[in-house]
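Report on the following structure.
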Amino acid sequence: MSDEEMRMTYSAIVTGKDNKKMVRVSFERNGKNGKEIAEGVIPGGKIVKNNGYSQDEIAGLEVYLKANADDIISKAKVISNPLKWL
């Protein structure tokens with residue numbers, strides 16, 4: 001991954017502590033001091049952990065999560081169902 005690239009990964013659908021279903025989304029990039037990571041959750045589109053991203057970048061990532069929540073959830077459903085792996 002080059003210094004200007006950001007990688008987004010997402011989990012399968014998981015059940016949180018409150019028994020609600022959610023998808024965890026991570027944004028990762030190379031920074032000046034190593035890897036920078038921001039982690040968010042859908043639904044809600046909130047960044048819950050941050051290491052190296054500015055407040056403006058966090059705001060932009062939250063807008064992205066909210067705007068693309070349906071698409072990310074549909075992709076997470078595919079990896080949540082092992083029968084679709086074949």
Exercise. Would you point out the residue of region 1-51, among those that are in contact (Cβ under 8 Å) with a residue 40 or more places away in the chain and over 9 Å from the mean Cα position of the chain (by Cα), that is surrounded by the most Cβ atoms within 10 Å (Cβ to Cβ)?
Key: ILE13
Quiz item: In region 53-70, how many residues are over 15 Å from SER26 (Cα atoms), part of a helix (DSSP H, G or I) and either hydroxyl-bearing (Ser, Thr, Tyr) or open to solvent by less than 90 Å² (accessible area, probe 1.4 Å) (or both)?
Solution: 1
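Got at least one residue in region 18-36 being among the β-branched types (Val, Ile, Thr) and part of a strand (DSSP E or B)?
Step one: list which residues in region 18-36 are among the β-branched types (Val, Ile, Thr), which gives 23, 25.
Keeping just the survivors that are part of a strand (DSSP E or B) gives 23, 25.
Checked region 18-36: at least one residue is among the β-branched types (Val, Ile, Thr) and part of a strand (DSSP E or B).
The values are calculated or read from the model by the stated rules, or taken from the named source; none is laboratory data. Just so it is clear, the structure is predicted and the values come from calculations on it, not from any experiment. Every residue, glycine as well, gets a Cβ built from its backbone with ideal geometry; the counts of neighbours run over all protein chains shown. Accessible surface areas use protein heavy atoms only, side chains included; no ligands, DNA or RNA. Shrake-Rupley method; radii C 1.70, N 1.55, O 1.52, S 1.80 Å.
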